[in-house]
Amino acid sequence: MTGISRRELGRLVGGAGAASLTLGASSTFAIAQSAPRVVIVGGGAGGATVAHYLIKDRKPTDPQIDITLIEANPIYSSSFFSNLFLGGFRTLESLSHDYKGLSHLGIKVVHDYVTAVDTAKRTVTTRGGATVSYDRLVLSPGMQIKYDAIAGYTAEAAKEFPHAYDTDANGKRMLHAAMEKMPDGGTFLMVMPANPFRCPPGPYERACMIAHYLKTRKPKSKLVILDPKKAFSKQPVFAEGFAKYYKGIIELNLSTDFDDFAVTELDGKARQVKTKSGQAFKFDAANIIPNQKAGQIAIAAGLTKGDWVPINPENFTAQAAKNVYVVGDSTIASQMPKSAFSANSQGKVVAADILADLSKQEKFPPRFRNTCWSLIAPDDCVKVGANYTPKDGKLASVGGFVSQPGEPEGQRRQNYAEAVGWYAGITEDMFAKTAVSKGSGAGSSKG
C-alpha cells in the first residue's frame, strides 16, 4: 500500500466525507510497496510544481516514486494576476485551474485539509480522517492572514472588507463587488501590510488597478492608501504612474518618523479605521490587507521560528525537521521574495533534490530566480527580479534588475507581453497542461 490505510482508501475513493482521491489513467497501486513515498501538502505554485517535476525530470534509471498531492480545493484560483481581474484586464475564470493534468501523470491528488504532521512517525493526518505516511514531505501551505494584527478585523469582517490576498476566488469576487457598490464620489480605502508579506509589489499593482477602475467607472471617487512602511517595492515607477495616470484619484500616506499609518483598529459599523499615530480615516469601501504569517500546518508541524519557517537555502529543507521540505510563502528565504515565481523556482529545485537523493545521484548547485511584473495602466507594465544563490547560510541576490521611470512605451508594452507569457508558462509548470484554459479572457492591456 501507499501509506493510506485500506479502510481510509476505500472511503476516499468512494467519495465519503470531505476528501476525494483522483487517480490518473496511468496510476495504479501496482507501484512496488517499497517505492519511496513523497507527500506534498498544498497545490499552489510551489507544491504543484514539485509534483509535476518529480514526474517530468525523473530519469528512466531513477526509482519509481509514489506521489500524493494533498490540496483542499479542487479548483485553484491564482493570487498572481488576480489584480488584473479587479482592473478589468482578466476574467476570474482565466485564473482558475484544476488538477486533472497532474492526476493524468499518475499523481494521486487528494482534496482534503491536512490537520497534523508527525515528523517522528513521518505521517500526515487529514481532516477527513486519513493517515498518510511519507519518506519525503513537502509543505507548500502559502501564508495566512494575521487577523489579530488589527483590532476589529476578523474572518467575518473580511467578508465585508475583503483582503482578497489568497487563493479563494470568493474574496476576489467580494472585493470587486465592493468596488461596484461604492457610490461615485465615495472613498475607497486600502490598508497595506507590514513586511514581510506575499508579493511585495502586489498591493501597489492592486492600487493601480483599483484606481484604473475608479478612473473609468467612478471618476469622482478617490483611493486612500495607508501604509505602515516608509517605502515599498518599485516605488519610483509606481509613483511615476500615480502622477501620470491617477493624479487626483490616489492619496498615498506612507509612514514617517512623525506619522505612523499602521492601522490598529477597524470600526466596521462606522466604516472607519484608526492608525498608530491616532488619526482616523472614514471610507465607503475598503481592501484591508493585514500582516501575514506562515500557513497553519507549518506552524502545527513545529517548523516555524517566529512567524515563518527557516530553511536550508541549498535545497529548502526545513531546519527543524529531517526529510521535510518547505517551499513558497511560508519560508524565510532571506532576500528572495514571497512570490509565485519564487515558489515555482524553489519547487523545481526541491524536485531535483528529492530525485537525486532517492536515486543516490550527484546533486548540482541550485539555481533560483524571481521576476514580478506589475500592470500600472493599459500597456504600461513594470518588473523587478533577480537570481538567487546560497551564500553564508542565506539566499543572496545576484544580477538584480528593476524598471526605471521614463522608460519607452514600447518597453512597457513588451513587459506586459512577457507577463502574459509567463502566466501561461507557470500554470503549465504547476498543473502539467500546455496552455491557459480555453476562453481565458486574457486580453490585451487596452482595458
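The numbers here are math on the coordinates, done by the rules we state, and not lab data. Since the model is a prediction, treat every value here as computed from it, not as a measurement. All Cβ positions, glycine included, derive from the backbone under ideal geometry; neighbour counts span all protein chains shown.
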*Along the Cα-to-Cβ line of A300, 7 Å from the Cα, sits a label point; which residues in segment 49-76 have backbone N less than 19 Å from it?*
68-74
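If we count every other residue with Cβ under 10 angstrom of N323's Cβ, Lys/Arg +1 and Asp/Glu -1, where does the sum land? If you can, show how the numbers build up before the last one.
Numbers: positive: R122, R136, K322; negative: D135, D357.
Around N323, the surrounding residues sum to +1.
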*Once phi is turned into θ = phi - 60°, what whole-Hz ³J(HN,Hα) does the Karplus curve with 6.51, -1.76 and 1.60 give for every residue of segment 189-202, x standing for Gly and Pro?*
10, 10, 9, 8, x, 7, 5, x, 7, 5, 6, x, x, x
_List the residues, sorted by chain then number, that are 5 or more residues from S277 or on another chain and whose placed amide H is less than 5 Å from its amide H._
D260, A262
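How high is the relative contact order of segment 165-264? Use alpha-carbon pairs under 8 Å, at least six apart in sequence, and give a whole percent. Numbers along the way, then the final one.
On the way: 120 pairs, mean separation 28.8, N = 100.
About 29 percent, as a whole number.
Provide the packing ranking of 322-328, 71-77, i.e. peptides ordered by the mean count of other C-beta atoms within 10 Å per residue, highest first. Intermediate values should be presented prior to the final figure.
Details: 322-328: 25.6, 71-77: 17.9.
Answer by packing, highest mean first, reads 322-328, 71-77.
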*asked:* Using each residue's phi in segment 67-74, evaluate 6.51 cos²θ - 1.76 cosθ + 1.60 at θ = phi - 60° and report the 3J(HN,Hα) Karplus result to the nearest Hz, with x for Gly and Pro.
replied: 10, 10, 10, 10, 9, 5, 9, x
*Run the quick spin-label model on T91 and D148: label points 7 Å from Cα toward the beta carbon, then report their separation in nm to one decimal.*
4.3
*Here are several values of Cα Rg over 2.2 N^0.38 Å: (i) 0.99; (ii) 0.95; (iii) 1.09. Which one was derived from the coordinates shown?*
(i)
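Just need the relative contact order of the chain here, percent rounded to a whole number, with Cα pairs under 8 Å and 6+ apart.
Values: 989 pairs, mean separation 85.6, N = 447.
Relative contact order, the chain: 19 percent.
Mind ordering 57-65, 172-180 by average Cβ neighbours within 10 Å, highest first? Write out the running numbers ahead of the final one.
Numbers: 57-65: 12.8, 172-180: 18.1.
Put in order of decreasing packing, that is 172-180, 57-65.
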_Report the per residue volume, in Å³, of the convex hull enclosing the C-alpha atoms of segment 164-257._
92
_If each residue of separation counts as 0.36 nm, what is the full-extension length gain between I75 and A116 once their alpha-carbon separation is subtracted?_
12.5 nm
*Residues with beta-carbon under 13 Å from that of Q411, excluding Q411: net charge, scoring Lys, Arg +1 and Asp, Glu -1?*
-2
*What is the set of long-range amide H partners of V138 at a cut-off below 5 Å, with H atoms built 1.01 Å from backbone N?*
V39, I40, V41, Y325
*Which ³J(HN,Hα) values in Hz, rounded to whole numbers, follow from the phi angles of segment 217-223 under the Karplus curve 6.51 cos²θ - 1.76 cosθ + 1.60, where θ = phi - 60° and Gly and Pro get x?*
10, 9, x, 8, 8, 9, 10
*Helix 169-181 sits at what angle to the longest principal axis of the chain, using alpha carbons and giving 0 to 90 degrees rounded to 10?*
10
